[in-house]
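Derivation of every value follows stated rules applied to the coordinates shown; laboratory data play no part. Here the structure is a predicted model, which means the values were calculated and not measured. Glycine gets a Cβ as well: all are built from the backbone with ideal geometry, and neighbour counts include every protein chain shown.
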Amino acid sequence: MNKSACVIGWPIKHSRSPMIHGYWLAKHGIDGSYEKRAVHPDDLQNFVKNLANEGFVGCNVTVPHKEHAFQLADDKDASAVAVFAANTLWLDGDLLCAANTDTEGFMAHLTVSAPDWKKRDVPVTILGAGGAARAIVYGFVEAGVGEIRVVNRTRAKAEKLAADFGGLKPDTRIIAGDWDKRQTLSQDAGVVVNTTTIGMNGEGDLGLDPASFNVPAVVADIVYVPLETALLRDAKAAGHETVDGLGMLLHQAVAGFEKWFGVRPEVTQELRDLVVADLEQS
Ligand code: ATR
């Protein structure tokens, strides 16, 4: 039976998800399709509640629908509940199920790119406290990291995130930090992750100097345009391991594809090259 899935957003023009899922459909010879659907916020409820009638077995959800899609779902996985947002929906009979695969996507890519990250028995520092930061902090909490520092321009958001996740695991301490302390709070960390939008399209300056870090770190950025952000370039030049943002995008797609089409696909170099070529063209 031909199965169809889609990605919904408003706007949706720039989504790379059709390229990723299209690659896997072809690779596995699956009789299925994956398309973009522009869904206006006013139409979201109607769309997701009628997924099957629309001809879909499920969908990815992107800006600005992630929180509303989470609320509309009947059944929510632990990561979606932790993040209060869903990026993947599928049907289980009549039940609309929701997951947030950004956590899995980030942690899988980190582990592939810097397999020894966990051996560094030092804190993890997260810059930013938006939706992406929530997904990533949850991943580090689940991984059993002892100390996580959340540093954000708007301190109240860092404090909220620290309070929300602080009680999840007795051995994990989550600390909210001031934005102007970001250098101090990063320089003895084993993993430093930029989850802010600074650096996107080469704009803005994070104001972080990896050359002055006291320990070798894994430095990750979730920005993937450009693929090598100023943060990653400076970190690499200073001898730190670096993890780019594209891998998270590719790895977060794995779980959705498996739910909809029944095969767990792989993030290959060939797929990466395909998406990189597309990013370079636009
Ligand atoms: P996402 O859901 O992708 O994480 P978001 O919720 O809009 O996106 O979060 C963006 C993050 O980038 C926030 O942590 C934001 O800081 P504030 O909470 O203070 O808004 C951060 N950010 C964006 N521009 C910034 C800037 N110029 N300086 C510092 N932080 C910035």
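In table form, for the structure just shown:
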quantity: Amide H contacts of Ile174 (H built 1.01 Å from N, under 5 Å, at least 5 apart or other chain); calculated: Ile148
quantity: For the stretch 217-282, size of Cβ-based charge dipole, Lys and Arg +1, Asp and Glu -1, in debye; calculated: 200 debye
quantity: Inverse mean reciprocal Cα-Cα distance (Kirkwood Rh) of the stretch 82-133, Å; calculated: 13.4 Å
quantity: Rounded if a/c under 1.5, otherwise prolate or oblate - the stretch 135-282, Cα gyration tensor axes; calculated: oblate
quantity: Estimated dipole of the stretch 1-127 in Debye, rounded to 20 [Cβ of Lys and Arg +1, of Asp and Glu -1, Cα centre]; calculated: 500 debye
quantity: Taking the chain and dividing mean pair separation by its residue count, relative contact order in percent (alpha carbons under 8 Å, at least six apart); calculated: 16 percent
quantity: Whole-Hz ³J(HN,Hα) from phi, Karplus 6.51 cos²θ - 1.76 cosθ + 1.60, for the stretch 265-282, glycine and proline x; calculated: x, 10, 7, 9, 4, 4, 5, 4, 4, 4, 6, 4, 4, 5, 5, 5, 6, 8
quantity: DSSP-defined beta bridges in the chain - what % are antiparallel, rounded to 5; calculated: 20 percent
quantity: Relative contact order (%) - criterion: Cα under 8 Å, at least six apart; region: the stretch 160-260; calculated: 21 percent
quantity: Under the Karplus curve 6.51 cos²θ - 1.76 cosθ + 1.60, θ = phi - 60°, whole-Hz ³J(HN,Hα) for the stretch 212-228, x wherever Gly or Pro sits; calculated: 9, 5, 8, 10, x, 10, 9, 10, 10, 10, 8, 5, 10, 10, x, 4, 9
quantity: Among Gly32, Gly131, Gly58, residue whose mean-square fluctuation peaks in a GNM of the chain (springs only between Cα atoms under 10 Å); calculated: Gly32
quantity: For Met1, Met248, Met19, order by how many other beta-carbon atoms lie within 10 Å, fewest first; calculated: Met1, Met19, Met248
quantity: Modelled FRET efficiency - R0 22 Å, Lys160 with Thr197, Cβ distances, 0.05 increments; calculated: 0.70
quantity: Residue exposure sequence - Phe257, Phe47 - by fewest surrounding Cβ within 10 Å; calculated: Phe47, Phe257
quantity: Helical contribution to [θ] at 222 nm, DSSP H n ≥ 4, -39,500 (n - 2.57), averaged over the chain, rounded to 500; calculated: -11000 deg cm²/dmol
quantity: The stretch 155-220: C-alpha gyration tensor shape, a/c 1.5 cut-off, then a/b vs b/c; calculated: oblate
quantity: Inverse mean reciprocal Cα-Cα distance (Kirkwood Rh) of the stretch 212-268, Å; calculated: 12.9 Å
quantity: Exposure proxy ranking, count of Cβ atoms within 10 Å, fewest first, for Glu270, Glu104; calculated: Glu270, Glu104
quantity: Charge dipole magnitude, Cβ of K and R +1, D and E -1 - the chain, Cα centre, debye nearest 20; calculated: 260 debye
quantity: Value of Rg to Rh for the chain (Rh from inverse mean 1/r over Cα pairs, i.e. Kirkwood); calculated: 0.97
quantity: Filter on Lys36/Lys259; Lys36/Lys66; Lys49/Lys259; Lys49/Lys76; Lys49/Lys157; Lys119/Lys157 - keep pairs with C-alpha separation over 20 Å; calculated: Lys49/Lys157; Lys119/Lys157
quantity: Aspartates and glutamates whose Cα lies under 15 Å from that of Lys13, excluding same-chain neighbours fewer than 8 positions away; calculated: Glu35, Asp278
quantity: FRET efficiency for Asp205 and Leu227, using Cβ-Cβ distance with R0 set to 30 Å, rounded to 0.05; calculated: 0.95
quantity: Of Asp209, Asp102, Asp244, the one that fluctuates the most in a GNM where the chain has Cα springs shorter than 10 Å; calculated: Asp209
quantity: Among Ala163, Ala82, Ala220: highest mean-square fluctuation, GNM of the chain, C-alpha pairs under 10 Å; calculated: Ala163
